[in-house]
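Contents: one structure, followed by commentary.
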């Protein structure tokens, strides 16, 4: 009458679980397009957050120069600068197409309202901006809402 497993049987089962786990991990690939879309949406919301409460006028009512509250929606404007902690880089095959802007820069004023590239009165966005983030496998759309400046990913 047998009461348990032998050491050889236990080692064999652990080895089998390790092999199956290794094969399963090698087949798992994260969705790079979704990661890139989330990163771009977070960069948009970060620039909106930085712009809220930022006064752009000097005491003499002249406009301060600077890009606080603006983000350029292309590879050079979105990649994080390298640092000790690393930095996020968009995928090599990620394509970004912007519709709803005259260029590829969206700016936010001190109230968080989105503008088309600059801060003139006529540049306030009255229609949503769609940013199509696509990879060879899939495509995602980031919509920036007019007036609120809220960015959401449409699956």
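By the count of neighbouring beta-carbon atoms within 10 Å, fewest first, 115, 126 end up ordered 126, 115.
Taking the fewest neighbouring Cβ atoms within 10 Å as the starting point, the ordered list for 154, 129, 97 is 154, 97, 129.
Taking N as the residue count of the chain, its C-alpha radius of gyration divided by 2.2 N^0.38 Å amounts to 1.60.
Listed from fewest to most Cβ neighbours within 10 Å, the set 121, 94 follows the order 121, 94. Go ahead and run the numbers for FRET between residue 52 and residue 123, Cβ-Cβ distance against an R0 of 22 Å, rounding to 0.05. So, using R0 = 22 Å, E works out to roughly 0.80.
Just so you know, all these numbers are worked out from the coordinates, no wet-lab data involved. Keep in mind that this is a model prediction, so the values were computed, not measured. In this analysis, Cβ positions are derived from the backbone assuming ideal geometry, glycine residues included, and neighbour counts consider all displayed protein chains.
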